[in-house]
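The values are calculated or read from the model by the stated rules, or taken from the named source; none is laboratory data. All of these numbers come straight from a predicted model, not from anything done at the bench. FYI the Cβ positions are ideal-geometry reconstructions off the backbone, even for glycines, and counts take in every protein chain you see. Side chains included, ligands, DNA and RNA excluded: accessible areas come from the protein's heavy atoms. Shrake-Rupley method; radii C 1.70, N 1.55, O 1.52, S 1.80 Å.
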Amino acid sequence: MQRCKEETRTEILRHAARIFRTRGFAGSSMREIADAAHVCLSNIYNYFPGKDAIFRAVVRPATLALEKMLQGHHGQQGEDVMSIGTEAYLQKVTGEYVALLDRHRTTLELLFFRAQGSSLENYRETYTDRSTVLVRAWLDDMKRRHPRMNAEVSDFSIHLHTVWMFTLFEEIIMHRIKPKDTPQIVAEYIRFETTGWRELMKL
């Protein structure tokens, strides 16, 4: 039976994810992906303009989830600073981090460890730079709402905040931490980090 276009596209992405996981972006080829998905090499370009587009599509669920989390924490609808450190905040952020790892561990692994040579090889740095700008604006907004808080936190400390988040995710993935053990580790990290932020902001 002839496959429909959506089924073929799904098969390409499924096999590409396996190949990228094994060989990395740089070590994979369009021919290898096409052969695995049983698609002619010339035909695969009817679905994706190149290998980079395939890689971006494979990891898109993870990048969308990370973006949603960034906007939810520090975008226009971000948390109020006074909620940081509360038990409700701890549980909410822990749940978000654990859900991210549970749902997207495989694609996060590709994004963090197999992206060299792709347009996303500097994703962590680009995300961190955008996060620094957003958090700075968020801090300034919180200062207007709560004049007594300290917003004079260096941009480099804000930068480190995001770097540590990525390091947490990377270490959990790299060390194959079991899903049943992830919530405790994440909760410990969130509690440690928010305690430091509250001290910096004199809350």
Hydrodynamic radius by Kirkwood for the chain, inverse mean 1/r across distinct Cα pairs, in Å, is 18.8
Compute the separation of the alpha-carbon centres of the stretch 53-115 and the stretch 131-176 and state it in Å as a whole number. 14
Place a label point 7 angstrom from the Cα of PHE113 along the Cα-to-Cβ direction, then list the residues of the stretch 160-192 whose backbone nitrogen is under 16 Å away. 166-179
Summarise the accessible area of the stretch 1-155 (1.4 Å probe, protein heavy atoms) by the percent that is carbon and sulfur. 50
Entries in LYS68/LYS180; LYS143/LYS178; LYS178/LYS202; LYS68/LYS178; LYS180/LYS202; LYS143/LYS180 that, when Cα-Cα distance is taken, lie over 32 Å: LYS143/LYS178; LYS178/LYS202; LYS180/LYS202; LYS143/LYS180
Mind putting a number on the dipole of the chain about its Cα centre? Charges go on the C-beta only, +1 for Lys and Arg and -1 for Asp and Glu, and I need it in Debye to the nearest 20. 440
Note to self: with every protein chain in place and a 1.4 Å probe, the chain gives an accessible area per residue in Å² of 56
So, taking all protein chains as they sit and a 1.4 Å probe, how much accessible area belongs to CYS40, in Å² rounded to tens? 90
Under the 0.36 nm per residue contour assumption, what length would be gained going from the current alpha-carbon distance of ASP141 and GLU171 to full extension? 7.5 nm
